[in-house]
Amino acid sequence: MPTARIAAPYGSSPPVPEDADHSASRLGSMTLNDAPFPHALIRNFLPDQLFTDLRAAFPVSADSMESVKQRRGGDQYSDSRFSYTLPMPFDLNAATLAEPILRLQRLLCSERIVAAMLRAFAGTVNPSLARHYKRSGQPHLGIGMAVELIYDRSGFELVPHTDGARKLVTGLLYVADPDDPIVLGTQLYAPRQPGVSSDGQAPVAKDLLQPVARAPYEPNLFLCFGRSDQSFHGVEATTSDRPRRLVQYSIFIA
């Protein structure tokens, strides 16, 4: 029987036990929403002090971050988005990353949290794994993780998309201030008619989708979902002068 192997943590240091206990508990008690596709909104995902420290350490401007449009090209991304993918192995980052950011990376890349995320979205993840097994013809598949700091300036827009086909689970942690507009959150879409889907490559016309729900942009809120050909999500254009700061967490076929 083919199996999926979670990659060994990208470093020798385990997460802080209290961090892992807290976030694993939040994942274990989450409510799964079915519409427009399986997803969860988890409030208080990180321990309070860790989130406070993370927000203080998070880049406050785009000055030290890379333009996503310049990096990736194409028209899907706006030149108002900047990001920084945390390097691996993360133990080598100890001298360069702020401690709260390194602590978050160790938490999200720990086997305990990765396994909890895969279990939570098994209904979406398992069929995807089965398809990858069939295509690869290999007895095992590796599962990797990535953590990305994202800063969106005023005017940013991200058209509806489903993420790449190798993605299994996406998590978005909002590093918001209490008075930030909640409309800066991620919009979730449903197809207006049966058969509308995306393999993560070709874009789908926006008029074929309807907005169904929006994750509120609130401090320490974690939006997570299993990737499928109908997990359409995006960001509506905003004229707010407040930046949108978040951590994007990805679990994927390595």
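We did not get these values from a lab; they are worked out from the coordinates using the rules stated. If you're wondering where the values come from, they're calculated on a predicted model, not measured in any experiment. Cβ placement follows ideal geometry from the backbone for every residue including glycine, while neighbour counts extend to all protein chains displayed.
Tabulated results
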| item | result |
| --- | --- |
| Residues 34, 48, 19, 152 arranged by fewest to most Cβ contacts within 10 Å | 34, 48, 19, 152 |
| Rough spin-label spacing in nm, given labels placed 7 Å along Cα→Cβ, for residue 111 and residue 179 | 4.7 |
| Net charge over other residues, Cβ less than 14 angstrom from the Cβ of residue 166 (K, R count +1; D, E count -1) | +1 |
| Qualifying chymotrypsin sites (Phe, Trp or Tyr not before Pro) for region 101-186 [loop in DSSP, other Cβ within 10 Å: at most 10] | none |
